[in-house]
Amino acid sequence: MWTLVLVSCFYITEAENLARWGAVDSAGAIDDSAMPTDDSGDTQPDDSGDTQPDDTADTQPDDTDCKLVYYEDGDGDGFGGDDAAQTFCEDPGKGWLTTAGDCNDADAAVHPGADELCGGEDEDCDGQEDVDAVDQVYWFRDEDGDGFGSEDWCYPDEGQNLNNDDCEASCADPDPEDLLEHAYVDNNDDCCDYTSSVGEGCLDQRDGSFEGAVTLTWVSTTEGTDTCTGSMSATVDHDGAKGFSGNGECTFTGALAKTVGSPVAFSFGGEVSVEKLLGSMTVLDTEMALEAEWQDGGYDYCTYDGSTTGSEYHGTVEFSGEWKSSDLDVEGTFTLSP
């Protein structure tokens with residue numbers, strides 16, 4: 001048995017195709033701007049049937065544009081490790097910095113600008129160990145062996161260094177060969193290095209009973225300016241009481257002599273160090289700051305028998321504030337001699 005199959009083809013002319021897409025204007029002229037285009041700009045339909053534009057444009061950042069260099073800060077000291085650099089497209093956040101230079105990113109005490117310390121490590125990352133370490137020691141000659149070094153001789157011995165200009169701080173002890181000739185200690189508190197009877201930082205000379213003179217210039221907005229001069233005595237003790245105390249009196253010569261009477265008694269006291277007295281003086285119920293420094297007679301006055309001359313405390317008294325509903329400024333000076 002035979003089966004008859006009929007096949008028909010539907011043919012569209014170019015004019016009909018243009019009309020189909022609205023490419024013929026009202027006058028019958030051809031306008032192909034309305035025709036769909038493929039990626040090549042061809043006004044004929046794409047063979048694939050795709051009427052959408054090709055999306056080959058890449059909207060993602062190219063890896064070659066991600067050139068932000070960050071350094072991991074493993075110890076949190078504000079500097080990244082030199083060998084911990086990575087490249088990012090954006091800020092990676094906490095723990096990453098644009099600043100490197102940390103030569104030991106496992107120790108927060110090691111980074112550029114850190115204090116260099118003795119001990120053989122490069123804390124400040126300058127490529128040098130122990131150079132300009134903050135805990136270096138200056139060594140001074142201890143001629144009398146009392147544990148206190150000379151004010152005038154420092155290591156290395158290049159002669160007498162009255163201003164210590166030639167002293168060299170070091171992380172190392174003095175050379176053993178130099179120690180065969182002289183003993184060295186890490187202080188220069190001996191004001192007379194010829195005898196151990198004047199030692200212990202010269203505190204034996206700086207302790208005891210002292211007498212002296214005082215002058216206070218008193219400027220009050222209500223009482224005017226007056227000067228109080230007088231005497232004072234003090235006891236200084238670096239070992240037991242570890243302080244100083246004293247009293248005295250002074251006489252006003254102007255307006256205050258009539259207002260408050262004269263002479264005026266006062267007291268003072270405070271703490272001591274090798275070089276200073278630091279405390280307060282109370283005059284007319286007004287507390288004023290007091291400070292004094294030990295003034296040594298110096299090398300020229302230190303003889304082989306250990307005697308010294310010209311040594312005393314030189315001090316100042318200062319106050320600025322209220323007194324009897326009046327603005328008051330006080331400046332004073334005093335000396336205390338053994």
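What follows draws every value from the coordinates through simple rules; no lab data is involved. This structure is a prediction, so every number in the text was calculated from the model and none was measured. Neighbour counts are summed over all protein chains in view; Cβ atoms, including those assigned to glycine, are modelled from backbone coordinates with ideal geometry.
Mind checking the full-extension length gain between LYS67 and SER233? Use 0.36 nm per residue of separation minus the Cα-Cα distance, one decimal, nm. The partial results should precede the final answer.
Working: separation 166, 0.36 × 166 = 59.76 nm, distance 7.62 nm.
Full extension of this stretch gives 52.1 nm more.
FRET efficiency for GLU168 and ASP115, Cβ-Cβ distance as r, R0 = 30 Å, nearest 0.05?
On the way: r = 19 Å, r/R0 = 0.65.
About 0.95, to the nearest 0.05.
Would you tally the net charge around ALA213, using a Cβ to Cβ cut-off of less than 15 Å, leaving ALA213 out, and scoring K and R as +1, D and E as -1? Don't skip to the answer; put the middle values down first.
Numbers: positive: none; negative: GLU211, GLU249, GLU312.
With Lys, Arg at +1 and Asp, Glu at -1, the net is -3.
Using 1/(1 + (r/R0)^6) with R0 = 51 angstrom and r between the beta carbons of VAL134 and SER320, what's the FRET efficiency to the nearest 0.05? Before the final figure, lay out the partial values.
Values: r = 36 Å, r/R0 = 0.70.
Rounded to the nearest 0.05, the efficiency is 0.90.
Nearest 0.05, what FRET efficiency do ASP175 and THR99 give at R0 = 56 Å with Cβ-Cβ as r?
Details: r = 41 Å, r/R0 = 0.74.
According to the calculation, E is roughly 0.85.
By how many nm would the segment from THR251 to ASP122 lengthen if fully extended, with 0.36 nm per residue of separation less the alpha-carbon distance? List each step's numbers first, then the result.
Numbers: separation 129, 0.36 × 129 = 46.44 nm, distance 6.22 nm.
Using 0.36 nm per residue and subtracting the Cα-Cα distance, I get 40.2 nm.
How much net charge surrounds LEU256 when only the other residues with a Cβ under 10 Å from the Cβ of LEU256 are counted, with Lys and Arg +1 and Asp and Glu -1?
Details: positive: LYS258; negative: GLU223, ASP226.
Value of the local net charge: -1.
Over 20 Å apart: what share of the alpha carbon pairs of region 67-126 falls there, rounded to a whole percent? Provide the component values of the computation, followed by the final result.
Details: 437 of 1770 pairs.
The proportion of pairs with Cα distances above 20 Å equals 25 percent.
When the dipole is taken about the Cα centre of region 203-337, and only Lys, Arg (+1) and Asp, Glu (-1) are charged at their Cβ, what size is it in debye, to the nearest 20?
Values: 5 positive and 23 negative charges, 80 e Å.
With only Lys, Arg, Asp and Glu charged at Cβ, the dipole is about 380 debye.
Let me check I've understood the local charge: for ASP186, count other residues with C-beta under 12 angstrom from its C-beta, Lys and Arg +1, Asp and Glu -1. What total comes out? Can you show the working numbers first?
Values: positive: ARG141; negative: ASP135, ASP142, ASP173, ASP189.
Overall, the nearby charge balance is -3.
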